[in-house]
Structure formats: structure tokens, C-alpha cells
Amino acid sequence: MRACKNCKAIVYEKKCHVCGSTNLAKKFSGLIIILDEQNSIISRKLNLKQGEWAAQIDE
Ligand SMILES: [Zn+2]
């Protein structure tokens, strides 16, 4: 599991499925999971879409 340095998406492949970037970080702190972007306060606050996102990238 890696985190995209560009958009902070959690990536399981070699390339980010959200923005297409290959600039991925192995180290990141925290995981934000948005299940329902319409009804999520965190989603609106952080402007994140549905999916898994890194809270902070360490690399
Ligand atoms: Zn990305």
C-alpha cells in the first residue's frame, strides 16, 4: 500500500487510480476512509471524494 504524493490517494497499484501519478510514497501517517462523500463532514472539510486517503505523507 502506498500513498500518492500528488493527491494523497491510497494506491494499491503502481500508478495512482485518481490522478494517474506514479509519484508514490511508501511512508505515510494515518488513513482517512470516506465511505459516503455526500454525508461525510470530514469529506467536505478536507474536500475529499469517496475512497481511501493518506492523512499525512512522510516522504
Ligand atoms: Zn494521485
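Each reported figure results from applying straightforward, stated rules to the coordinates on display, with no laboratory input. Not measured: the values here are computed from a predicted model. Don't worry about glycine lacking a Cβ; one is built from the backbone with ideal geometry, like all the others, and counts go over all protein chains shown.
Points to keep in mind about this one:
- Label-point gap, in nm, between Gln38 and His17 - each point 7 angstrom along Cα→Cβ: 2.1
- Inverse of mean 1/r across different Cα pairs in the chain, Kirkwood, Å: 11.4
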